[in-house]
Structures are given as C-alpha cells and as structure tokens.
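Everything below concerns the one structure shown next.
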Amino acid sequence: MWRRCSGSGVCWRLRTRPGRPRRCTASPSTGWRATTAAAARAARLEGRLRALEGDSEGAAAAYQRALELDPREKGTYGDLSRVLGRRSRHEEQLETLRALLQFDPYDMEAMAATYLPCAALARWDEALRHLDRAHALDPSDYLCLFHLFQVRMNVGIRQADPRELERALPLAERLVRLAPNLSSAWDSFAWVCCELGRAEEAIEALLQFVQDHPNDPEGHAALRWRGRTVLPGIELFAHARRAYELAPGSWFTCWTFLVAALGLPEAGAAAERSVVADLLGSIMERHPNHFQVIAAAAHVCRKWGEPERGLHLARRAMALAPDTEEAQTELARTLASLGRWNELIAEFGTRFAQPEDLPSHCLVLYGKALRHTRHARADALLEAALGRAAQRQDDLLEARLYAAWGREEEARVACLRGLRISPLAPHRRAWLQHVLTSLAEAE
C-alpha cells in the first residue's frame, strides 16, 4: 500500500515491518498541479451554480478565476462566454472566444459563437472571417452555416446592399436542405425572400411548414415576423398567441406575443387586447429579468394608454441592459411621448462620447428634445448626425432627421431617394413611407 505523493517526489511504502522509502517518478510539482486543477474545477462548478441561480456577474467572476487557475480547460471559456453574453458584455465575450481560438484554432463551436458578440458590436468583417473558415472546415455544420447566413443578411440590410442579400439566398436554401424539419431553416429562407421582395413565396413556405408541424412554437413565431407585409394583424396575432401557448416559458415566444399585440388594429380587436391584458402579469412573472420582454411590455403599456406604467417598465429594462439599443430606444420613446424633454436630454446627453453616436431612434428623439427646449446644441447635432447618415448612406435616418428639425422638403427628397433603392428591405420601405405620410399629414 502506498501513500499519495505529497509533492516532495518521495512516496513512502507502508508495511507491517520497517521498509526503505521508494523514490517516486512523479515531478515535485505534480501535487501542486493536482491541487490547482481541483481548485479550477471547484471554481467552474461555483460558476455553474451561480449561473443557475441567475447570478451572471458572480458566475463570470468564478469562471474567470477558474481560467486563471487552469487556462487549458476549454469548456470554461465557453461557459464564461455565455454568461458575458447574457450581461451584454460583448467586448469581453469576444476576447474570451479569441483566447479560446488561440488555444484551439479548430474549435468549430467557438468560431460559430463569435457571431453573437460580433453582431452586437457590428464587427461583421471579423464574424465573416471566423464563420467562412468554419464553414470551409465543415460545410455540413448547421450552426456555422446558420450564423454565416445571419451575417450576410445583416450586412446586406444595414448597408442596403442587394448583392449581399443575393449571396445569402443560396445559404438559406442549403439550410433547408440540411434540416428540413427545423423552423429556423425555413425562417431563414422566408427572411431572405421577404428582403428580396418575394414575401408571398416566403409566407407560402412558412404556412406549409406550420401545417406539417402544428406544434412547433418557433414556426408560428416565424410567421408573425415574416408575414407583416402579407398577413393581416389579427392573423399575425393568432400565430404569435399559438407560439406563446405552446412555449410560455420561452422569452422569445413571450416577446413575439407582445410585439404582435402592438400590431393589432385599432378597431375590431377588443377580445385580443383583453387576452393580452390578462396575460401581461404572468409574462412579467415568468421573465422578470429579460430586458427585451420588459421593453416590449413597456411599449404595450405606452401605446394602450398607461404611459406611467410604461415608463416604469422602460426604466427597468434600461437598468437591466443599459447598453442595448432596444432598452435605450424604448426609454427615449416613452419620455418623448410624455413630453419629458429635459429628462430625455439628461438621460442620453452623456451616454455616448458624442450624442450623434446614439442609436438612430434615440438620436432623432434626442434632437427633438433639443429643439423643444431651444437648446443651443440642436443645430450642431443635426449637422453631425447628417454627416453620420451620409457616411452610412442611410436615407431613412437622413429623412427622419430632417423631419425632426422641421425641414420637410429635404426630408421628402431623402425619402424618395431611399424608395428608389431596389430591392429595398420591407421594414425600410415601411419606415420611409411612414415618414412621407407624416409629412403629408403635417401639411
């Protein structure tokens, strides 16, 4: 029988009679390494427990401690990346994944995971570099192909580049061939078809999928998101409600349900509005810390005549995710709807190094607040913001800025120029037409 090595390099043989010690072949540091590895495992376990309890900050600290103790444990990098993503700490999340890829350049899961922080930070070139490489290594990997499609779509939409959208179409078709029973594959196909002006084809494909898979909540949710320009609001709400009923514990189906409620017609939807009002409390109980659900609930309250309750929820969403565009935009819209211009200026005036770097919706509302309060900075902000719009070739932002500053003719010219882009994403067309309608009503 042998006693475990203490790290000194000597193992003592235990006998009933005296014996000589036997020299151990282990390195003197073996015991230290074993102790360090055990401490790293304990820290990782602590991180997992904290993550299950909803303590993302504590989980991140525990995972970071585990990596300091044992930087060779690949799984800890993935754990840390996920909790950083939940807290919208995207820069740190991306650094974590870069470190993992330095350690293992062929980790397919890590290459695919770079999509989320790169998308949040608009680092599309880096996302394409990782995902193109992953797709070349394994063309049949669904997750890498799915994220590669997402990047192509985002680049095409944000840059209003129809060539990128055309490149995304064969990727979506390949997704459908790889996984014909997955709603995400058909949703991808429908998305690119809608953006290319083939909405009827997209909806026909999704309706067939839902008919074949009636209990797939994400299929019903996809119909709500892709059918906005084809299906009536009541029908969109019916699909969103079905998605919620099938998966009430999913934040995505709850969010889809609330957003669909915002699209209900003003008349003839009393029963549907009553359903939403009855379910709003239970949705908030299920997802008290999900900022997108809370921001959507704030929008519902604001639109349906409860602006103070909406403001409370908007501030809560902002506290949960202060760096996200959704939370910022909802708070700005709610303050603007209440006419609290000074609060809006105070809230957003110092949030970015330059106010013109605010998200587009917030920027327009911030400009309106400056004009309403006759702030000396108003005209300078307009010039800086117009420079940003010109740099990005964003006709919609330019039109909205001119409209916010009361320069109707220049806003109309920007709208008409934007509407001439072909193909034009449906949501951008709808926004440009909305601005034109608002200008006509103002006359």
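Values computed for the structure shown
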{"quantity": "Qualifying residue in segment 387-395 (condition: at pLDDT below 90, of a type in the set (A, V, I, L, M) and either more than 30 Å from ARG198 (Cβ to Cβ) or part of a loop (DSSP other than H, G, I, E, B) (or both))", "calculated": "yes"}
{"quantity": "Top-ranked residue of segment 290-343 - restricted to ones that are assigned to a helix (DSSP H, G or I) and among the acidic types (Asp, Glu), ranked as nearest to PRO248 (Cα to Cα)", "calculated": "GLU326"}
{"quantity": "Segment 319-359, subset among the hydroxyl-bearing types (Ser, Thr, Tyr) and in contact with a helix residue (DSSP H, G or I) (Cβ under 9 Å, 6 or more places away or on another chain), residue farthest from ALA376 (Cα to Cα)", "calculated": "THR324"}
{"quantity": "Given (1) assigned to a helix (DSSP H, G or I); (2) at pLDDT below 80, number of the condition LEU45 does not satisfy", "calculated": "(2)"}
{"quantity": "From GLN391, GLN328, residue being within 27 Å of the chain's Cα centre (by Cα), surrounded by fewer than 18 Cβ atoms within 10 Å (Cβ to Cβ), within 26 Å of PRO117 (Cβ to Cβ) and not acidic (Asp, Glu)", "calculated": "GLN391"}
{"quantity": "Selected residue [over 25 Å from GLN393 (Cβ atoms) and either part of a helix (DSSP H, G or I) or touching a strand residue (DSSP E or B) at 6+ places or on another chain (Cβ under 7 Å) (or both)] from ALA112, ALA119, ALA168", "calculated": "ALA112"}
{"quantity": "Looking only at segment 258-286, and only at residues there that are of a type outside the set (A, V, I, L, M), in contact (Cβ under 8 Å) with a residue 24 or more places away in the chain and part of a loop (DSSP other than H, G, I, E, B), the one that is farthest from GLU306 (Cα to Cα)", "calculated": "GLY268"}
{"quantity": "Test: residue in segment 418-427 that is touching a residue at least 12 places away in the same chain (Cβ under 8 Å) and more than 27 Å from ARG167 (Cα to Cα)", "calculated": "no"}
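Yes/no matrix, rows are residues, columns are (1) at pLDDT below 95; (2) small (Gly, Ala, Ser); (3) over 30 Å from LEU128 (Cα atoms); (4) in contact with a strand residue (DSSP E or B) (Cβ under 9 Å, 6 or more places away or on another chain):
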position	(1), (2), (3), (4)
LEU196	yes, no, no, no
ARG228	yes, no, no, no
PRO232	yes, no, yes, no
ALA238	no, yes, yes, no
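The values are calculated or read from the model by the stated rules, or taken from the named source; none is laboratory data. Given the structure is predicted, the values throughout are model-derived calculations rather than measurements. Positions of Cβ are generated from backbone atoms using ideal geometry, with glycine treated the same way; all protein chains shown enter the neighbour counts.
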